[in-house]
Each structure stands twice: as C-alpha cells, then as structure tokens.
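Q: Have a look at the structure that comes next, please.
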Amino acid sequence: QVQVVESGGGLVQPGGSLRLSCVVAGDIFRLSAMGWYRQAPGNQRELVASITSAGSTFTVDSVKGRFTISNNNAKNTVYLRMNNLKPEDTAIYFCKIVNDGITYWGKGTLVTVSL
C-alpha cells in the first residue's frame, strides 16, 4: 500500500508564491520518478515538472524560471516552489510517483491565483 498526499495549495494573489509538498508513505521499494501535474477546469491534466531519484529535473516551458521542483529522498517528499504566480496557473495540482514500476497519484491540492 502506498499513499501519496499533497499539501500547500491555497489562494494567492498574482505575483505571489506557494510551495507545494508531496509526501509518499507506505511500502516504498524504489521511487524512480516523482512529478507534478495540474488540471485547470475544462482542460486535460498536464505535466508541470518532474524529478528522478538521481535528481534530474524537467520543467515545462510555461513555468520555467518561475517553478522549481526538488526532492528530499530521505523524507520521500517532493516539492514544487512556485513564484510569480499568474491567474493561468490556477488549477488542481497533482503529485504522481513511480514506485517499483507502478504509478500512484495523489488526490490533488487546489491552487487559486486571483485578486
């Protein structure tokens, strides 16, 4: 059994910052990749950023320079630091992990960027 739990979402004004956290617990054998996705109303879920267990990262162009993904392997936690947030960043943010070849998703945390 593996649990994936996101936290850190909320309401923030344009230009503000948030840090999302994703904690993985349970029967963790080999975490090979962790990533953040988001889904805005009416849109498909899309990749935002990902990180491997070796620390290699990928960030999509739309958030590059504003969002940073990082992890703490000892705590089985992945973070998403989001700066200079824009209204178009409003979405539910989901954490996805791959453990021993199996994909798990969290339930998401809502980020709303608005005045």
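Q: Tell me, which strands (runs of 3 or more DSSP E) wholly within the stretch 1-61 include 1 or more residues that are modelled with pLDDT of 95 or more and hydroxyl-bearing (Ser, Thr, Tyr)?
A: By residue number, 2-7, 18-26, 31-39, 46-52, 57-59.
Q: Restricted to the stretch 62-82, and to residues that are over 12 Å from the mean Cα position of the chain (by Cα) and of a type in the set (D, E, K, R), which residue is modelled with the lowest pLDDT?
A: Step by step, filter the stretch 62-82, then rank; the result is 75.
Q: Give the stretch 98-115 a look and list any residue that's open to solvent by less than 30 Å² (accessible area, probe 1.4 Å) and at pLDDT 95 or above, or say none.
A: Scanning the stretch 98-115 gives 106, 108, 109, 111, 113.
Q: Would you confirm, using the coordinates I've provided, whether residue 107 is within 14 Å of residue 4 (Cβ to Cβ) and not in a strand (DSSP E or B)?
A: Here the answer is yes, as residue 107 does meet what is asked.
Q: Still on this model: Among the residues of the stretch 86-104, what is the count of those that are outside any strand (DSSP E or B) and at negative phi?
A: Adding up the residues that qualify gives 5.
Q: Among all residue pairs at least 6 apart or on different chains, which show Cβ distances below 7 Å where the first residue, located in the stretch 1-17, is in contact (Cβ under 8 Å) with a residue 60 or more places away in the chain and the second is among the basic types (Lys, Arg)?
A: Here the result reads 8/19; 14/86, each pair linking the stretch 1-17 to a residue that is among the basic types (Lys, Arg).
Q: Residues in the stretch 62-115 that are among the β-branched types (Val, Ile, Thr), farther than 18 Å from residue 52 by Cβ and in contact (Cβ under 8 Å) with a residue 40 or more places away in the chain: how many?
A: 6
Q: Any idea which of 54, 33, 40, 25 is aliphatic (A, V, I, L, M), without any contact (Cβ under 8 Å) to a residue 12 or more places away in the chain and open to solvent by 20 Å² or more (accessible area, probe 1.4 Å)?
A: 54
Q: Does residue 12 count as within 26 Å of residue 65 (Cα to Cα) and open to solvent by less than 30 Å² (accessible area, probe 1.4 Å)?
A: When the stated conditions are applied, residue 12 passes them.
The values are calculated or read from the model by the stated rules, or taken from the named source; none is laboratory data. These figures come from a predicted structure and were not determined experimentally. Cβ sites come from the backbone with ideal geometry, for glycine too, and all protein chains shown count toward neighbours. Surface accessibility is based on the protein's heavy atoms, side chains included, excluding ligands, DNA and RNA. Shrake-Rupley method; radii C 1.70, N 1.55, O 1.52, S 1.80 Å.
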